[in-house]
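Q: Pasting in a structure now, in C-alpha cells, and then I'll have a few things to ask.
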Amino acid sequence: MLSGSGDRRSKIKWAAWLSPLLALGIYLAIPPSLGNRPTSTVLNDRNGHLLSASIAADGQWRFPLCDSVPVKLERSILLFEDEYFYYHPGVNPLSVLRAIRQNIRQQRIVSGASTLTMQLARMLQNEKRTFFQKLREVGIALRMELWYSKEDLLRHYASLAPFGGNVVGIDAASWRYYGRPAHLLSWSESATLAVLPNQPGAIYPGTSMEALRYKRDFLLKKLYLSADIDSLTYALSLEEPLPDKPFDIPQRAPHLLTTLRENAEGRPQTTTLHPFWQQKTTEVAERKHRWLKSSGIDNLAVMVVDLRNGQVLSYVGNTTDPTADGYQVDVIQKPRSSGSILKPLLYARSLEKGIMLPKTLLPDVPSSFGGYTPKNFNLGYAGMVKANEALSMSLNIPFTHLLQEYTYEVFHQDLQKFGITTLTQPPGHYGLSIILGGGEVKLWDLAQAYFGLYRKLANEDNLSISYLPDSQKIADVELSEINVWHTFQAMTELTRPGADHSWQNFSSSQLIAWKTGTSFGFRDAWAIGLNGNILVGVWVGNADGEGRAGLSGASSAGPILTELIRLGEYDGQWLEKLRPFSFPHQTCTASGMLAGPACEHTETMELGPQAEQSGLCTYHQRLWMDESNTYIVNHSCYDMHKASLQSVFVLPPKQGYYYQKNHSDYSGRPPIYPGCEQQVENLLAINYPSVNAKIFIPKELQGQSSEVILEGSHQNPNAELFWHLNDRYIGSTHGEHKQSLLLPRGAYLITILDEQGNSTSRSFEVVSDPSS
C-alpha cells in the first residue's frame, strides 16, 4: 500500500518536472507569426521600377515585404542596432550582461540589450514595454530564430521598422525621404535611415535635425572604423545634407493603381507598363489636356498596346489635374457612347458575310428607318458612295443602310464576340442606332477588339490584352484575313468631309490604320489606330457626360493618337507585308460589285471566298440606243438597224438625284425616244416626305409657320415633273425638283408625273408644332 502510494508520488513529481518542458517544447514547435499588417498597394513597371503606390489601410506608408535589404543599409542597420546579429540565437548574453551593468551603474534603464530579432518581436507585439513583455519578446525571438533564417528576419525588420511620422519600412522611407529606391541610396543616406528606428517618434527628417546629424555621423564613423567605407567616402558622407521634408510618393499610373486595388489591395504588382511609353503618354496627355481644358473639356484617357503580345505599354486613365472635374475616374474602364468607332467592325463583318465588297456602292440619301433618321456629320448626301470611302469619311447614313441589311441582332452578337462587354441589353434596345453611338463601350474593350483584328491579319493567336504579364489565349475573331486586310486598308485612307479639315494636320509618312468617332451631343471623342507595331486608343470628353461644341474625334482625340503612334518603331510596308493570298476577282469600277456582262470598266481585286455571295453588278444595263446615243429605242418606234447596244450606268432615281450633284459626268437613264412605248419602271421617286410621314411645322421668329419642302427625283436629270397635291395641280419643276408650300394641318396626297405620264404618289400628314 505504501509502495503504491510512493509510485504515484514519484510519477506526479516527474510530471511536475516534465510538464513545463513539454509546454516549452510545444511552444517552440509552433512557428511564430511574422505579422499581417496592412500594406500599401505598390505598382511597378515591367523593370520593377515604382510607378505608383497607395497608403495602407491604417494610414501608414508601409510597402509590402522587401525582397532583400541593400548591402549599404544592411551594414548600417547591423552596425548600429546589432553587430552580432548573425552570431546569436535571438538573445545576446554579452549584451544582456552589459545592459545590466550599465543600468545598475546609472540607477536607471539606459540600455535594453535588445537584439534586432527582439526588436522585431516588439514590433509584431506592439505592446507596452514592461519587464514581463521583455521576457515575452525573448521567448518570441528564440522561436523566430528557430523557424526563420537570418535573412528573413532581417527583411521583416527592415520592412516593419518605424522611420518617423507615418513611414514604415526601408522601401517607403527611401522614397519618402530621398525620392528613390533603397538600393540607390548612398552610404550617408543609408546611415541616416538606419538610425531612425531607434527613436522614430522624436528624431526624423524635419524634426531634431541636429540630433539626427549626430546619430548619422556617429554611425558613419563606425562604418569607417570597421573598414566598410574608406576615408574619402567617410569625409564626403559627412558633408551630405540631411533630408528636411518628405517627398511625395511617385504617382505615374494612379488610375491603373485605383483599378488594381479592387482585387489586389496591399499587394505589389509588377505590370507590363514600359517606362518610356508611360512617361511619353503622360506627357502628351497632360499637354493636350491643358489645351482641351480651355474649351471646357476636363477628361481624357489614353492607352498603348504592343501588337506583338497584347501587353499594355502605357495606361493613362485620366488627367491628374486636381482642378478637373472627375479627374480621379479611370475612364479607360468606364462605358461611354461609342459614336461611329464601331463602323470598321461592321465593315469587316459585312465583307465576311458576303453582303458587299470593299468598294460596293452604299446609299447616301435622306433616309428614315421606322422613325430613326440618321444624319451625316457634314449634313450632306452623296447619293451613292463606295463602302471603303463611306468608312474613311465615316458617313452615318450608308452604314445605317448596311446595318439594316446585316441586321442589328447579328451585329450585337458579333460585338460581344469581338470583346465588347458593355452591351448588356437585348439587341432591340439599341436597334440600328448601335452603329452610331446608341450603345456604350469601354476604351479597354475597343483596344481588345482592334487588337484581335490585327492578330487575325498577322495569323497569330488572339490574346487578351493585359497590363499584367499574364496575357491569355482567347478565341480568334471570326473573319478571313483578306477581309481584315481590306478593313485596315480602308482605315488608312481616313478623311473627313465638309468643314472639318483638322484631319489634314495628321498627314504623316507613316501608314496608320485608324478610326475616329464622335458621340451625339459632342459628349465623347474617340480615336483608335495602329501602325503594325503598336495600337493606340484615345478617349476625350467630360466624365460627367456633359457635351462641348467642337468636341470631335478628329480634332480632339486624333492629334493625341498621331503624336503617340509616330513615336513607335515603324515599317512603312507593314500592311502590304501582311497582305494574305486570296483569289482575284473582276469587279465593276463604277459600282464596286462583281463585274457583270454590262460592266465595261473593271478592276482586279483579291477577295475572300464569300465575295461570290454579293452578286453581280445591278447598276449597269445594256440598252438599245439611237444612232446619236441620246435616246432609248425599241423596234416599235425605231429602225433597229441604226440602233446600237450600249452599257449604261443607272442608279435608282433618289440616289441618282444626289449622286449627280457630286458627279457631273453622271447622266442617269437616257430618255425614251419620242413615240416609243414605255418599257421601264421606277423612273420617278419622291424623296421627301417619307411614306406616311407626320410633319411638324415649327414657328419662325416672327411667329409665322414654316413652309413644307417637298422633294422628288427622276432618272432623267433633264425631265420636267408635274406636281399635284390632293389632285390639284400646283406647278412643274426642271432640274432640281422641289416645291415649297405653306400647308395647314391635315392629311395630304402628293402625286408627281413626268412628260410620258409616269407617276408616283405618297401620303403624309401635317400636324401642329408640338410646342404650340
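Q: For the chain, with every protein chain kept in place, what is the accessible area per residue (1.4 Å probe, Å²)?
A: Values: 36360 Å² over 772 residues.
Accessible area per residue: 47 Å².
Q: Let me ask something else about it. Based on the mean of other Cβ atoms within 10 Å per residue, sort peptides 188-196, 396-404, 415-423, 63-71 so the most packed one is first.
A: Highest to lowest by the protection proxy: 188-196, 396-404, 415-423, 63-71.
Q: Taking all protein chains together and a probe of 1.4 Å, list Ser186, Ser636 from the most accessible to the least accessible.
A: Ser636, Ser186
Q: Using the per-residue mean of other Cβ atoms lying within 10 Å as a proxy for protection, in what order, highest first, do the peptides 547-553, 289-295 fall?
A: The packing order, highest mean first, is 547-553, 289-295.
Q: Follow-up question, since we're still on this one. Between rounded, prolate and oblate, where does the range 243-290 land on the alpha carbon gyration tensor, with a ≥ b ≥ c its root eigenvalues, rounded for a/c under 1.5, else prolate if a/b exceeds b/c? Intermediate values should be presented prior to the final figure.
A: Values: a/c = 1.86, a/b = 1.13, b/c = 1.65.
Note, shape of the range 243-290 comes out oblate.
Q: What is the dipole size for the range 619-678, taken about its Cα centre, with +1 at each Lys and Arg Cβ and -1 at each Asp and Glu Cβ, in debye to the nearest 20?
A: 280 debye
Q: Right, next: Restricting things to alpha carbons, tell me how big the chain is in terms of Rg and Dmax, in Å.
A: For the chain, the Cα radius of gyration and maximum Cα-Cα distance read 39.8, 151 Å.
Q: Less than 12 Å Cβ to Cβ from Glu283, Lys/Arg counted +1 and Asp/Glu -1: what total charge do the surrounding residues give?
A: Numbers: positive: Arg252, Lys280, Arg287, Lys288, Arg290; negative: Glu286, Glu563.
Net of charged neighbours comes to +3.
Q: Next question, about the same structure. Each label point is 7 Å from the Cα along the Cα-to-Cβ direction; what then is the distance between the points at Glu239 and Gln425, in nm?
A: 7.2 nm
Q: Using amide H atoms built in the peptide plane, which far-off residues or other-chain residues are under 5 Å from Ala513 H to H?
A: Close amide H contacts, sequence-distant or interchain: Leu530.
Q: In terms of modelled amide H atoms, which long-range or inter-chain residues lie less than 5 Å from the amide H of Phe377?
A: Asn396
Q: What's the local net charge at Tyr619, with K and R +1, D and E -1, over the other residues with C-beta under 15 Å away?
A: Net local charge, Tyr619 excluded: +2.
Q: Does the range 609-672 come out rounded, prolate or oblate, given a ≥ b ≥ c as the square roots of the eigenvalues of its C-alpha gyration tensor, rounded meaning a/c under 1.5 and, failing that, prolate meaning a/b above b/c?
A: Here the range 609-672 falls in the oblate category.
Q: Sticking with this structure for a sec: State to the nearest 20 debye the size of the charge dipole of the chain about its Cα centre, where the only charges are +1 on K and R beta carbons and -1 on D and E beta carbons.
A: Roughly 4420 debye for the chain.
Q: First compute the accessible area of the chain with a 1.4 Å probe, then give the percent of it belonging to carbon and sulfur atoms.
A: Working: 19030 of 36360 Å².
Carbon and sulfur: 52 percent of the exposed surface of the chain.
Q: What lysines sit close enough to Lys386 to cross-link, taking a C-alpha to C-alpha distance under 28 Å and skipping anything fewer than 8 places away on the same chain?
A: Reachable lysines: Lys343, Lys353, Lys359, Lys375, Lys417, Lys456, Lys515, Lys577, Lys654, Lys661, Lys738.
Q: While we're on this one: In whole Hz, with x marking every Gly and Pro, tabulate ³J(HN,Hα) for the range 192-206 from phi via Karplus 6.51 cos²θ - 1.76 cosθ + 1.60, θ = phi - 60°.
A: Karplus-based 3J(HN,Hα) across the range 192-206 equals 4, 5, 4, 8, 5, x, 5, 9, x, x, 10, 10, 6, x, x Hz.
Q: Now a separate question. Using +1 at the Cβ of each Lys and Arg and -1 at the Cβ of each Asp and Glu in the range 619-678, identify which of Gln660, Gly675, Met640 lies farthest towards the dipole's positive end.
A: Going by the charge dipole, the pick is Gln660.
Q: Compute the angle between helix 71-81 and the longest alpha-carbon principal axis of the chain, please, reported from 0 to 90 degrees and rounded to the nearest 10.
A: Helix 71-81 sits at roughly 40 degrees to that axis.
Q: If you count, for each residue, the other Cβ atoms within 10 Å and average over each peptide, how do 640-646, 511-517 line up from highest to lowest?
A: Peptide ranking by packing, descending: 511-517, 640-646.
Q: For a test of the definition: using alpha carbon positions, the gyration tensor, and the 1.5 limit on a/c, classify the range 402-498 as rounded, prolate or oblate.
A: Note, shape of the range 402-498 comes out oblate.
Q: Just from the alpha-carbon atoms, what are the Rg and Dmax of the range 684-767 in angstroms?
A: Rg then Dmax for the range 684-767, in Å: 13.2, 43.
The values are calculated or read from the model by the stated rules, or taken from the named source; none is laboratory data. All figures in this text were calculated on a predicted structure; none of them were measured in a lab. In this analysis, Cβ positions are derived from the backbone assuming ideal geometry, glycine residues included, and neighbour counts consider all displayed protein chains. Please note that ligands, DNA and RNA were not included when accessible areas were found on the heavy atoms of the full protein model with its side chains. Shrake-Rupley method; radii C 1.70, N 1.55, O 1.52, S 1.80 Å.
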